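Since the structure comes first, as structure tokens, the remarks are kept for the end.
Laboratory data are not the source of any read-out in this text; all were calculated from the coordinates shown. As the structure is a computational prediction, the values presented were derived from the model and not from experiment. Glycine also receives a Cβ, built like all others from the backbone with ideal geometry; neighbour counts cover every protein chain displayed.
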Amino acid sequence: PKSSAVVTIIDKCHCDGPGSNLDLSPAAFKAINGGDLSDGIIPITWKTVSCSINQGKELQYRFKEGSTKWWIQLAVHYNVEPIKKVEVRINRKWYRMVIQ
């Protein structure tokens, strides 16, 4: 990268190759690569930082399309820190969900 930027990560790409990849918006990619989109994939280092953009909004979740009473996919919104765990309570017992 030619510079650095603070960006919002919406989703990590589960692509082939070493490590995890981040899908960046064109604006974010241009910000760290000197305005050049032609490189496609570039090596970067990154770290999480506290997010102030969602301050004042309550944490929200929604069940994604395709969820059933036996399997759910949950989307969490307005979190200001990375999600470390999600648990559901069924019949007074807590179960830890798998985060992918």
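Where Lys and Arg each count +1 and Asp and Glu each count -1, what net charge lies around Trp94 among other residues with Cβ under 12 Å from its Cβ?
On the way: positive: Lys85, Arg89, Arg92, Lys93, Arg96; negative: Glu87.
Neighbourhood net charge equals +4.
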Legend entry - Principal axis dimensions, region 59-100 - Cα atoms, whole angstrom, descending: 29, 24, 18
Inset, instruction - For Leu22, enumerate residues with amide H under 5 Å from its amide H, sequence gap 5+ or separate chain, H modeled in the peptide plane. - result: Cys13
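Work out the P(r) tail for region 26-100: percent of alpha carbon pairs separated by more than 18 Å, whole number.
Details: 1726 of 2775 pairs.
For region 26-100, the fraction of Cα-Cα distances above 18 Å is 62 percent.
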